[in-house]
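The values are calculated or read from the model by the stated rules, or taken from the named source; none is laboratory data. All of these numbers come straight from a predicted model, not from anything done at the bench. Here the Cβ positions follow ideal geometry from the backbone for every residue, glycine too, while neighbour counts run over all protein chains shown. In case anyone asks, the SASA skips ligands and DNA or RNA and just uses the protein heavy atoms, side chains included. Shrake-Rupley method; radii C 1.70, N 1.55, O 1.52, S 1.80 Å.
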Amino acid sequence: MATIQEDFQLLRSDVTSRLATVNRNARRYRTLHTSLVILTLVCGILATTLAADSAMDTKIATTVVAEAATGKEPAPLAKGWKAVCGVIAVISLVGTVSQGIHSLLKISEHRTKALDCAGRLDALTIELAQPRKEIVEKVRSDYASILKDYPEYVR
């Protein structure tokens, strides 16, 4: 039979290991979340800029895009405008798909759950500051609950 000190050390080590795993998962979700939000914003801004430039006929951005697509300055309402509309469509599609993936995969929800799990494991780590039998028993119970409630985040 393990002593309370050995039991305490084993439990503390396991909680610390799972916390490191959850923190890695939380960082991964945060990175994915941030990347998709930035991609959505950039694509939306680019599409809006091109659309506004086309609508106002200022030719600040649309001329550059049209020249890059056709290799020359576009004639009014010719190939250049079609290229601009095509670029707007592609950028809008990428932004829409990015937002759709973000929503479909529920990245924000996973990020929140991973951070909640990490917080609960952090709390257990703090509780394990003293190797007392009643603390070890309570932490073991709480730890089992975390493993049950957050299986995909602690692996």
**Request:** From Thr58, Thr40, grab the single residue that is polar (S, T, N, Q), part of a helix (DSSP H, G or I) and either without any contact (Cβ under 8 Å) to a residue 40 or more places away in the chain or closer than 30 Å to Asp116 by Cβ (or both).
**Result:** Thr40
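Being more than 20 Å from Ile45 (Cα to Cα) and either in a helix (DSSP H, G or I) or over 16 Å from the mean Cα position of the chain (by Cα) (or both) narrows it down to one of Thr125, Thr96, so name that one.
Working: Thr96 fails: more than 20 Å from Ile45 (Cα to Cα).
The unique qualifying residue is Thr125.
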**Asked** For region 1-29, how many residues are within 31 Å of the chain's Cα centre (by Cα) and either at positive phi or not charged (D, E, K, R) (or both)?
**Response** 13
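Would you check if there is a residue in region 2-11 being among the hydroxyl-bearing types (Ser, Thr, Tyr), open to solvent by 30 Å² or more (accessible area, probe 1.4 Å) and outside any helix (DSSP H, G or I)?
Let us first name the residues in region 2-11 that are among the hydroxyl-bearing types (Ser, Thr, Tyr), namely 3.
The next check asks that each one be open to solvent by 30 Å² or more (accessible area, probe 1.4 Å); those that pass are 3.
Add one more test, that the residue is outside any helix (DSSP H, G or I), and what stays is 3.
Among the residues of region 2-11, at least one is among the hydroxyl-bearing types (Ser, Thr, Tyr), open to solvent by 30 Å² or more (accessible area, probe 1.4 Å) and outside any helix (DSSP H, G or I), which makes the answer yes.
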**Prompt:** Of all residues in region 128-137, which are assigned to a helix (DSSP H, G or I) and either touching a Gly at 6+ places or on another chain (Cβ under 6 Å) or surrounded by 14 or more Cβ atoms within 10 Å (Cβ to Cβ) (or both)?
**Reply:** Ile135, Val136
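One line per residue, one yes/no per condition, for (1) touching a Ser or Thr at 6+ places or on another chain (Cβ under 6 Å); (2) surrounded by 14 or more Cβ atoms within 10 Å (Cβ to Cβ); (3) assigned to a loop (DSSP other than H, G, I, E, B):
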{"residue": "Gly100", "(1), (2), (3)": "no, no, no"}
{"residue": "His110", "(1), (2), (3)": "no, yes, no"}
{"residue": "Ala118", "(1), (2), (3)": "no, yes, no"}
{"residue": "Tyr153", "(1), (2), (3)": "no, yes, yes"}
**Fill in**
Of the candidates Ala68, Ala114, Ala51, the one satisfying the condition of being surrounded by 14 or more Cβ atoms within 10 Å (Cβ to Cβ) and at pLDDT below 90 is Ala51
